[in-house]
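Everything on this sheet refers to the single structure shown next.
Bear in mind these aren't lab numbers, they're just calculated from the coordinates by the rules spelled out. This is a predicted model, so every value here is computed, not measured. Methodologically, a virtual Cβ is constructed for each residue, glycine included, from the backbone with ideal geometry; neighbour enumeration extends over all protein chains shown.
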Amino acid sequence: QVQLVESGGGLVQAGDSLRLSCVASGRTFSSCSVGWFRQRPGKEQEFVAAINWNGGNTYYADSVKGRFTISRDNAKNTGYLQMNSLKPEDTAVYYCAADPSRYSTVASGYTYWGQGTQVTVSS
């Protein structure tokens, strides 16, 4: 069992940066791949970034590539999403997810989900 809690969201202006954190409980976290997804107002949930269990492999959606960085610290049971050069279209609820398998770019590839954290980027 893995429980995830996101934090670090807030209201910022275009061009600003935020770092989201995903704190996990459960001894299986270190063996899990981690993904970040977001849901923009009135739109479907979309993939943002993913990282494998040891951080050796990462993948990013084209919309955030070069601006966002996914990382993890297994000693702290925490995953991170560093978001730079934020744009108004990045406004969304961001969710952290984990699964004891290879990382995936689709929501169905993850078993455990956090409650989400709101990111709002003003224009």
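So here's what we get for this one:
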{"quantity": "Antiparallel DSSP beta bridges within the chain, as percent of all bridges there, nearest 5", "calculated": "90 percent"}
{"quantity": "DSSP-loop GluC sites (Glu not before Pro) across the stretch 1-74, with at most 13 other Cβ within 10 angstrom", "calculated": "E44"}
{"quantity": "Cα-projected label distance for T120 with A75, points at 7 Å along beta-carbon direction, nm", "calculated": "3.8 nm"}
{"quantity": "Longest DSSP-loop-exposure-free segment, trypsin sites (Lys or Arg not before Pro), the chain, at most 13 other Cβ within 10 Å", "calculated": "66-101"}
{"quantity": "log10 of Debye I(q)/I(0), alpha-carbon scatterers only, for the chain at 0.10, 0.13, 0.19 Å⁻¹", "calculated": "-0.26, -0.44, -0.95"}
{"quantity": "Label point at Q13 placed 7 Å out along Cα→Cβ; residues across the stretch 83-118 whose backbone nitrogen lies under 15 Å", "calculated": "85-88"}
{"quantity": "Dipole magnitude (debye, nearest 20) for the chain, charges at Cβ of Lys, Arg, Asp, Glu", "calculated": "180 debye"}
{"quantity": "Residues Q82 and N52, FRET efficiency given R0 of 25 Å [Cβ-Cβ distance, rounded to 0.05]", "calculated": "0.90"}
